[in-house]
Amino acid sequence: MNPILNELGTVFIPVRNINEAKTWYCDLLGVPDTGEVIAGHLYVMPMEGTGIVLDSKIYSEENTYKWPAFHLNTKDINAAYSFMKEKGIDLTTEIENGHWFNFKDPDGNLLMVCQ
């Protein structure tokens, strides 16, 4: 039996300012901004499924995601795109192939939304 599970536990995102990133991601994902920052540099996002940990200790401009390392799910790509556009989020692509688009967080991490 293999002791390594074939499941993803969490993804770390390098962020410049943990408190600002916490507020931005909580707003983006529609979750309460009530959790505590751990050890002054970590915030565990309240997620369904695979987790996201924001980490200001690992941040540097060179460490930001230059390509999406994961994607956030949506059931309606058009509504998700409109939502992001209305929020003034830096959209780096249009909706591609009818099912995904890329955007940047305030720290320059390139991320994806996919249906």
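A few notes on this one:
- Residue that is nearest to the chain's Cα centre (by Cα), among those in region 70-103 that are in a helix (DSSP H, G or I) and more than 20 Å from THR50 (Cβ to Cβ): MET84
- Search result, residues across region 22-63 that are over 14 Å from VAL11 (Cβ atoms) and assigned to a helix (DSSP H, G or I): LYS22, THR23, TRP24, CYS26, ASP27, LEU28, GLU61, GLU62
- Of the residues making up region 21-47, just one is loosely packed, with under 15 Cβ neighbours inside 10 Å, among the small types (Gly, Ala, Ser) and within 17 Å of ASP105 (Cα to Cα), namely GLY30.
Throughout, read-outs are computed from the coordinates displayed, never taken from laboratory work. None of the values given here were measured: they were computed from a predicted structure. Positions of Cβ are backbone-derived with ideal geometry, glycine not excepted, and every protein chain shown enters the neighbour counts.
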